[in-house]
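The block underneath contains the structure these notes are about, expressed in structure tokens.
The values are calculated or read from the model by the stated rules, or taken from the named source; none is laboratory data. As the structure is a computational prediction, the values presented were derived from the model and not from experiment. No Cβ is skipped: glycine too gets one built from the backbone with ideal geometry, and neighbour counts run over all protein chains shown. SASA here: full protein model, heavy atoms, side chains in, ligands and nucleic acids out. Shrake-Rupley method; radii C 1.70, N 1.55, O 1.52, S 1.80 Å.
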Amino acid sequence: MNNFEFLKNIDKDLYEIISEAEKLYAAEFFEQCMSQTRRFGEQMCKSILKDSSDDNFDNMIATLKDKAMSIPEKEFVDDLYFLKKQGNLSVHSAKVKKDGITALECLQRSFEAAINFAVFYKKANKSILKKQYDTELLVTGKPSLKNKYEKLKSSKIQKSSPQKQFYTIKTKKETKKDTVSFYWVFVGISFIVSAILMLIIMII
């Protein structure tokens with residue numbers, strides 16, 4: 001499981017490329033991770049600009065920049081420039097740098113670019129726009145508690161309006177009359193019994 005699961009059914013090849021980048025990061029191969037995210041960005045460009053798939057990365061980004069009208073499209077282009085720059089630096093650097101912070105930013109930028117790519121270029125469900133990059137999932141392979149909560153919360157969206165609650169108030173029945181009538185019945189019976197006993201005593 002990784003942060004790019006949503007991409008699996010949209011473009012399996014891109015999913016495999018970026019999944020490998022996350023594995024490289026987890027193994028602390030940061031420079032290789034950055035190179036892989038650059039490859040990921042370039043392949044996204046080729047997927048969008050099929051007629052320019054033989055062109056170089058710079059030209060493809062420039063073409064997308066010229067066509068960018070909306071804010072998500074412009075953000076997508078900015079992310080691609082970042083991935084290209086950092087990927088090139090990692091490839092051409094004379095020294096090995098354990099730059100985990102920049103590598104992580106490359107993954108986060110790849111994530112943002114992948115969401116824009118999926119929604120605005122591949123017409124994926126807009127619900128994935130709410131997704132956030134999970135660093136805990138990157139390192140441990142298990143989603144953070146926050147992401148688990150958000151997923152659970154979204155799955156409990158009510159499909160219908162809440163039902164009105166009705167309360168039935170039961171009034172306490174008057175028992176006074178019942179009590180009084182029983183009392184007088186008891187008194188009457190006691191009087192009769194007493195009278196009979198008195199008669200018996202007098203006769204005897």
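Points to keep in mind about this one:
- Of all positions in the stretch 96-103, at least one carries a residue that is farther than 19 Å from Glu22 by Cβ, in contact with an Asp or Glu (Cβ under 9 Å, 6 or more places away or on another chain) and not basic (Lys, Arg).
- When residues of the stretch 110-143 are limited to those that are without any contact (Cβ under 8 Å) to a residue 12 or more places away in the chain and assigned to a helix (DSSP H, G or I), the one surrounded by the most Cβ atoms within 10 Å (Cβ to Cβ): Glu136
- Among residues of the stretch 10-19, those that are open to solvent by less than 80 Å² (accessible area, probe 1.4 Å) and free of Cβ contacts under 8 Å to residues at least 24 places away in the same chain, counted: 2
- Members of the stretch 20-29 found to be of a type in the set (A, V, I, L, M, F, W, C), open to solvent by 30 Å² or more (accessible area, probe 1.4 Å) and in a helix (DSSP H, G or I), listed by number: Leu24, Ala26
- Residue satisfying condition, being assigned to a helix (DSSP H, G or I) and open to solvent by 60 Å² or more (accessible area, probe 1.4 Å), within set Asp66, Asp79: Asp66
- Condition met for Leu107 (buried (at least 22 other Cβ atoms within 10 Å of the Cβ) and either farther than 17 Å from Tyr15 by Cβ or modelled with pLDDT under 90 (or both)): no
- Any hit, the stretch 51-60, residues being in contact with a Phe, Trp or Tyr (Cβ under 9 Å, 6 or more places away or on another chain) and either at pLDDT below 95 or surrounded by fewer than 22 Cβ atoms within 10 Å (Cβ to Cβ) (or both): no
- Which listed residue, of Lys148, Lys177, Lys173, Lys98, is open to solvent by 80 Å² or more (accessible area, probe 1.4 Å), among the basic types (Lys, Arg), modelled with pLDDT under 95 and closer than 18 Å to Glu28 by Cα: Lys98
- Residue under evaluation Ser90, criteria (1) crowded, with 21+ Cβ neighbours inside 10 Å; (2) modelled with pLDDT of 95 or more, criterion not met: (2)
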